[in-house]
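Some notes on the structure that comes next.
The values are calculated or read from the model by the stated rules, or taken from the named source; none is laboratory data. Quick caveat, the model's predicted, so the values are computed rather than measured. Virtual Cβ from ideal backbone geometry, glycine too; neighbours counted across all protein chains shown. When the accessible area is computed, the model is the full protein with side chains, heavy atoms only, and any ligands, DNA or RNA have been set aside. Shrake-Rupley method; radii C 1.70, N 1.55, O 1.52, S 1.80 Å.
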Number of protein chains: 2
Amino acid sequence: MPTIPTARAVINALLAPASSMPEPTVDRLLHGRPDLPVTGIVTAFMPTLRVIGQAREAGANLVIAHEGLFFSHLERGAEAAESEVARAKRQAVERSGVAVYRCHDALHRYVPDGVTAALAEALGWAPYVREHRPEAALADLPPAALGEIAAGIKRRLGLPALRLAGDPAAMCSRAVLLAGYRGGGALAIPLLEAERADLVVYGEGPEWETPEYVREANRLGRSCGLIALGHAESEEPGMAALAVRLAGLFPHIPVRHIREEPVFRSV
Amino acid sequence: MPTIPTARAVINALLAPASSMPEPTVDRLLHGRPDLPVTGIVTAFMPTLRVIGQAREAGANLVIAHEGLFFSHLERGAEAAESEVARAKRQAVERSGVAVYRCHDALHRYVPDGVTAALAEALGWAPYVREHRPEAALADLPPAALGEIAAGIKRRLGLPALRLAGDPAAMCSRAVLLAGYRGGGALAIPLLEAERADLVVYGEGPEWETPEYVREANRLGRSCGLIALGHAESEEPGMAALAVRLAGLFPHIPVRHIREEPVFRSV
């Protein structure tokens with residue numbers, strides 16, 4: 001008879017490839033017990049009520065999400081505890097009977113980073129990656145115009161919109177890829193210069209840092225393009241790839257990824 | 001003969017309405033001397049090379065900007081000092097002969113906040129503001145659908161695009177207005193709930209906080225819309241209003257606001 005894994009066994013499988021774990025870590029069971037027999041797994045970027053409801057309808061009782069339930073990275077601030085919406089969501093999660101585990105730090109510590117590597121794969125860039133760093137992938141792309149690259153990314157990731165900075169006609173080939181909230185200037189700017197990069201693609205970052213750097217770099221004759229994918233949009237492929245890996249490890253239970261709608265609509 | 005003010009006199013005029021100043025403050029002369037005789041003033045959100053060049057062409061030798069020259073809020077990190085683009089920009093600023101003063105903390109400490117009040121005015125919301133807080137304006141708007149409000153904001157601010165979360169058909173009237181990078185969950189979420197607000201309009205904030213809160217609030221039956229203007233887009237009116245004020249204080253020199261292009265293009 002096929003073995004039904006416990007939540008603990010699934011969590012151990014999630015942790016196994018991580019090179020190390022930070023102390024403290026945000027990765028933990030946000031709801032549910034470690035000895036839960038897991039009937040099915042859903043991975044998602046964000047453990048929204050829709051994701052949890054669809055998991056339950058499909059007979060899955062473990063959601064593995066990249067972010068937390070209550071709208072903040074650490075989820076320990078007073079705001080999470082005091083928010084009425086957070087309280088109502090907590091009750092809905094409890095009623096659902098679905099356990100929720102957060103897999104954030106571990107996945108970023110796979111070698112290479114499980115989120116960045118899956119994003120590179122989803123973009124079709126995997127063959128062009130010359131180096132995986134802990135925080136970035138560096139790629140030598142076939143030269144193409146920034147606007148063309150953006151159109152290709154929209155198509156490949158199925159995005160209704162993305163944001164770019166720089167000249168859409170500028171040719172780009174040396175790319176820096178930064179998943180999630182790694183678009184800040186302190187990380188991106190030294191990397192762009194050290195790698196003589198002419199393209200940075202990131203999830204999210206402060207608007208007055210790297211985008212303004214790119215604007216001035218172009219005005220100073222240093223051609224540079226920037227594509228901001230959106231935070232969820234940049235990390236969704238990592239959680240989809242994780243579902244594929246878990247399906248291989250736990251062949252006797254259903255495992256699937258659920259993709260949420262974009263949180264923003266561009267108008 | 002009309003008096004030509006020094007940069008120091010202009011700075012003193014900028015500081016005068018501030019209720020207090022933080023220690024330390026980011027407000028300071030980023031380039032130039034306090035005893036500079038000021039021939040003309042340009043205000044801007046960001047002291048870009050284009051703004052500085054246009055100021056110089058117009059005979060103005062003092063740019064008053066909300067953000068700094070080198071792509072970070074504090075501008076004291078290693079990244080600002082080591083960036084090639086920052087070095088080249090610094091040289092271009094030095095060659096320009098234009099002084100650059102940063103007016104950030106003071107303007108946010110005007111009563112009401114000079115950035116938020118100007119944004120409310122630019123949106124046509126000034127008559128509906130019921131309370132100005134240090135970090136937000138609270139407004140009772142004529143009820144309208146979220147999508148209509150967004151379209152009106154685009155028109156009034158002249159924006160090519162903005163981002164919204166929530167149902168475009170949902171009626172909104174109790175609004176929270178947050179300029180700049182005040183869209184984070186720790187600030188916005190308790191305010192939305194305490195004020196029973198059904199609309200939050202902010203400049204910028206982490207995508208996985210307030211937008212995800214809004215998504216779940218709607219799913220839990222608490223109607224809430226969100227409009228993200230963009231950081232610069234939300235603070236530009238404050239710097240435009242500052243030019244009007246300075247023109248009244250220094251009638252013998254030309255004072256104007258220069259608006260930059262949006263740093264992002266939505267595609």
Take the conditions in contact with a His (Cβ under 7 Å, 6 or more places away or on another chain), modelled with pLDDT of 95 or more, of a type in the set (Asp, Glu) and over 23 Å from residue A:124 (Cα atoms) and apply them to residue A:207. Does it pass?
yes
Scan the stretch B:7-47 for residues that are surrounded by 13 or more Cβ atoms within 10 Å (Cβ to Cβ) and over 16 Å from residue B:104 (Cα atoms) and report the count.
11
The conditions are (1) closer than 21 Å to residue B:160 by Cβ; (2) open to solvent by 10 Å² or more (accessible area, probe 1.4 Å); (3) outside any helix (DSSP H, G or I), and residue A:151 fails exactly one of them. Which is it?
(3)
In the stretch B:189-231, which residues are open to solvent by 20 Å² or more (accessible area, probe 1.4 Å), in a helix (DSSP H, G or I) and either aliphatic (A, V, I, L, M) or within 8 Å of another protein chain (Cβ to nearest Cβ) (or both)?
B:190, B:194, B:215, B:219
Residues in the stretch B:97-143 that are open to solvent by 60 Å² or more (accessible area, probe 1.4 Å) and closer than 14 Å to residue B:65 by Cβ total 0
Among the residues of the stretch B:89-107, write down those that are more than 12 Å from every other protein chain (Cβ to nearest Cβ) and without any contact (Cβ under 8 Å) to a residue 12 or more places away in the chain.
B:95
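Applying the selection to the stretch A:134-148, what residues are over 16 Å from the mean Cα position of the chain (by Cα) and not in a strand (DSSP E or B)?
Start the filter on the stretch A:134-148 by keeping residues that are over 16 Å from the mean Cα position of the chain (by Cα), which leaves A:138-148.
Listed by number, the residues that qualify are A:146, A:147, A:148.
Looking only at the stretch A:157-182, filter to residues that are assigned to a strand (DSSP E or B) and within 13 Å of chain B (Cβ to nearest Cβ); which one of those is most open to solvent (accessible area, probe 1.4 Å)?
Here is the first cut: in the stretch A:157-182, the residues assigned to a strand (DSSP E or B) are A:163-165, A:171-178.
Those still in the list that are within 13 Å of chain B (Cβ to nearest Cβ) too: A:163-165.
Working: A:163: 42, A:164: 4, A:165: 4 Å².
Ranking the candidates gives A:163 first.
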Kindly list the number of the only condition in (1) at pLDDT 95 or above; (2) open to solvent by less than 60 Å² (accessible area, probe 1.4 Å); (3) more than 27 Å from residue B:113 (Cα to Cα) that fails for residue B:57.
(2)
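Identify the residue in the stretch B:134-156 that is closer than 24 Å to residue B:108 by Cβ and touching a residue at least 40 places away in the same chain (Cβ under 8 Å) and, among all such residues, is farthest from the other protein chains (Cβ to nearest Cβ).
Narrowing the stretch B:134-156 to residues closer than 24 Å to residue B:108 by Cβ: B:134-141, B:153, B:156.
Now narrow it down to the ones that are touching a residue at least 40 places away in the same chain (Cβ under 8 Å): B:135-138, B:141, B:153.
Numbers: B:135: 14, B:136: 15, B:137: 20, B:138: 18, B:141: 18, B:153: 10 Å.
Here the residue is B:137.
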